[in-house]
Amino acid sequence: MIGGVLHGREKEQAVVERLLDSARSGAGGVLVLRGQPGIGKSALLEHAAAAAADFRVLRATGVEAESGLAYAALHQLLHPVLDVTARLAVAQADTLRAALGLQPADVPGRFLVAVAVLALLSEAAREQPVLCVLDDAQLADRASMEALAFAARRVQCDPVAVLVAARDLEGRDFDTAEMRELRLSGLGPGPAAAVLAERCGAGLASSVRDCLVRSTGGNPLALLEAASALTSRQHAGRDPLPDPLPLARGLEQLFADRIRQRPPEAQLLLLLAAAEGAGHLGVVRRAASLRSVPGRPHPPLRAGPAPAGEGSGALPGGRGSGSAGLRPGCHGDR
Ligand SMILES: Nc1ncnc2c1ncn2[C@@H]1O[C@H](COP(=O)(O)OP(=O)(O)O)[C@@H](O)[C@H]1O
Ligand SMILES: [Mg+2]
């Protein structure tokens, strides 16, 4: 993403820009970006922040270490506008300050905090439109998410836009009811090739490029990491590509973490699918039955949307299905 150019995300950028335009005109709203690790959620959030130069941009990122601390994410998000509490009703200001640990008091009720967050955003937006950007919401604490979701559902008449990014199928009970979701999928072949061209220059053989695009499913991080891990002779197609393609630790670790959160029998199924490698569901089912594991993928096993081949004998994570990282993430002794 040199110079901030996002390849192949014109449609998604337009959706984000419409959210901003609408907020500018006083009709706020919320958009939740969903997608696999590495698919480009944070990059799209960056684009939104850059496109919102006339907004007061408030940002927070969910982190595992704080996911058990009530209102930790809100504390990060709202810190720059806490001076605005001086213009709120005293009870609301006290509620917020107590929730965020800024004054000693019993922790206020969650509903009161949510109402106070809405009041704060609405008041801050009287000076300048406000954009709230929360990345990695799947790791944010539940209390913050509840309060932010409550406020985000009620900003229709305020110049406030809320953008949230969260990984697929994760989200610690983040209730996105009544919130517009935008799911990011892998880049198409053209944009994926453009990402590779930007990273590798002219030395990338078209056969290698096509192989990388196919086997990563267009996941930008997987594309970039796989391209970085190859030698210049492999780029040029003079040496064979490793099978499976190497993934740098970052992406592999992300998938390994997700796999470890599944029940043991789901982990075994994923291991069998990764070992089978070609995406033949029947083979995995037979192997699973030998280990007395029901060989049926169920929703929590999916690494992305229902793959096109499902029901016709293909598995998510099979070659070209777009579940980059699943195979290396399953293998090994982690
Ligand atoms: N459309 C795109 N064009 C070019 N590079 C991209 C694009 N989307 C993502 N990237 C790059 O891919 C990497 C992973 O993207 P990121 O936004 O961090 O993914 P996520 O937040 O979904 O895990 C980053 O280096 C980012 O700059
Ligand atoms: Mg991210």
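In sequence order, what are the phi-derived ³J(HN,Hα) couplings for the range 99-104 according to the Karplus relation 6.51 cos²θ - 1.76 cosθ + 1.60 with θ = phi - 60°, rounded to whole Hz, with x for glycine and proline?
Along the range 99-104, the couplings run 4, 8, x, 9, 8, x Hz.
Output wanted: per-residue J couplings in Hz (rounded whole) for the range 6-21, from phi through Karplus 6.51 cos²θ - 1.76 cosθ + 1.60, θ = phi - 60°, x for Gly and Pro.
Result, rounded to whole Hz: 9, 8, x, 10, 4, 5, 5, 4, 5, 4, 5, 5, 5, 4, 5, 4.
What's the ranking of 75-82, 136-143 by average number of surrounding C-beta atoms within 10 Å, highest first?
136-143, 75-82
Residue by residue through the range 146-160, which ³J(HN,Hα) values in whole Hz follow from phi under the Karplus form 6.51 cos²θ - 1.76 cosθ + 1.60 (θ = phi - 60°), with glycine and proline marked x?
The phi angles translate into 4, 5, 5, 4, 4, 5, 4, 6, 10, 9, 4, 10, 10, x, 10 Hz.
Label the range 85-187 by shape, choosing from rounded, prolate and oblate, from the square roots a ≥ b ≥ c of the eigenvalues of the Cα gyration tensor; if a/c is under 1.5 it is rounded, and otherwise prolate applies when a/b is larger than b/c, oblate when it is not.
Since a/c reaches 1.5 but b/c is at least a/b, the shape of the range 85-187 is classed as oblate.
Computed over the Cα atoms of the range 10-183, what is the convex hull's projected area averaged over all directions, in nm²?
9.2
How many nm separate the modelled label positions at GLN13 and SER232, each set 7 Å beyond the Cα in the direction of the Cβ?
The two pseudo-label positions are separated by 3.2 nm.
Taking the inverse of the average 1/r across all pairs of different Cα atoms in the range 189-235, what Kirkwood radius in Å do you get?
This gives a value of 10.1 Å.
Where the centre of each part is set by its Cα atoms, how far does the range 20-50 sit from the range 214-237, in angstrom?
28
Give me, ordered by chain and number, the residues 5 or more places off CYS132 or on other chains with an amide H under 5 Å from its own placed amide H.
Hits under the 5 Å cutoff: LEU58, ALA161, VAL162, LEU163.
Which residues' amide hydrogens lie under 5 Å from the amide hydrogen of ASP168, considering only partners 5 or more residues apart or on another chain, with H built in the peptide plane?
Hits under the 5 Å cutoff: GLY35, GLN36.
By how many nm would the segment from ASP54 to VAL107 grow when fully extended, if each residue of separation counts as 0.36 nm and the alpha-carbon distance is taken off?
15.6 nm
Each reported figure results from applying straightforward, stated rules to the coordinates on display, with no laboratory input. Since the structure is predicted, the reported quantities are computational estimates derived from the model, not experimental observations. Don't worry about glycine lacking a Cβ; one is built from the backbone with ideal geometry, like all the others, and counts go over all protein chains shown.
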